[in-house]
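Only the coordinates and a few stated rules stand behind these numbers; no lab work does. Because the structure is a prediction, the values reported are computed rather than measured. Every residue, glycine among them, receives a Cβ derived from its backbone with ideal geometry; neighbour counts consider all protein chains shown.
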Amino acid sequence: MTEKNYNPKQKEKKAMEKQQNVEKTEIVKTKKEEKEKKKEIIKKPEKKGPKKTEAIVKVTNLPISTKVSASICKFIKGKKIESAIEDLEKVILHKKAIPMKGEIPHRKGKIMSGRYPKKASEYFIKLLKSLSSNANINDINNPIIVEAVANIGSRPFGRFGRVRRKRTHVTIKVMEKKIKEKKK
């Protein structure tokens, strides 16, 4: 070794300092990038074209009875989404009956005949939650269910062709409620 002032510890110390400086700059860069990403996430994309005034949920081939789903549609039509969800949760708990037509037994309260369809109510709650998120995306402030329709879906045969399965198409439409201002 002919070099002057050869000290391996001093070389290691300089190398460590360089490495720490590089790590510090990388940390600062990553923090800046994270802040920029957050800003991009917060910004809503600007919509082009006219504002939507309605939100729709369409579902095909739900495994529920068409008769039951038609009565649920009649039950929730004209209500706000939140109140419809609350009423259907009461139906699941057997606190409130859904009015139905036909040879169905009478229930307590103001209705003649009704039932507590648990499975169909659970499906409708999922649909209404999806509908409320659609309404939020379309900036609908006071959503009211304007249209609720249940139609017969394709009815496949069950195993060995003995039974026809239940299938229903459901469409629920929501529009913004316009508040009328009183003239003085």
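Tabulated results
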{"read-out": "Farthest toward positive dipole pole in the range 85-171 [+1 Lys/Arg, -1 Asp/Glu at C-beta], among G158, N138, Y116", "value": "G158"}
{"read-out": "Net charge of neighbours whose Cβ lies under 11 Å from the Cβ of S113, counting Lys and Arg as +1 and Asp and Glu as -1", "value": "+2"}
{"read-out": "Too-long pairs where the Cα-Cα distance tops 30 Å, listed order kept, from K80/K108; K129/K178; K35/K129", "value": "K35/K129"}
{"read-out": "Stokes-Einstein D for the range 78-184, Kirkwood Rh over Cα pairs, 20 °C, 1.002 mPa s (µm²/s)", "value": "131 µm²/s"}
{"read-out": "Net charge contributed by nearby residues that have their C-beta within less than 10 Å of V57 (K/R +1, D/E -1)", "value": "+4"}
{"read-out": "Unsatisfied cross-links (Cα-Cα over 25 Å) in the set K79/K110; K110/K173; K67/K119; K58/K110", "value": "K110/K173; K58/K110"}
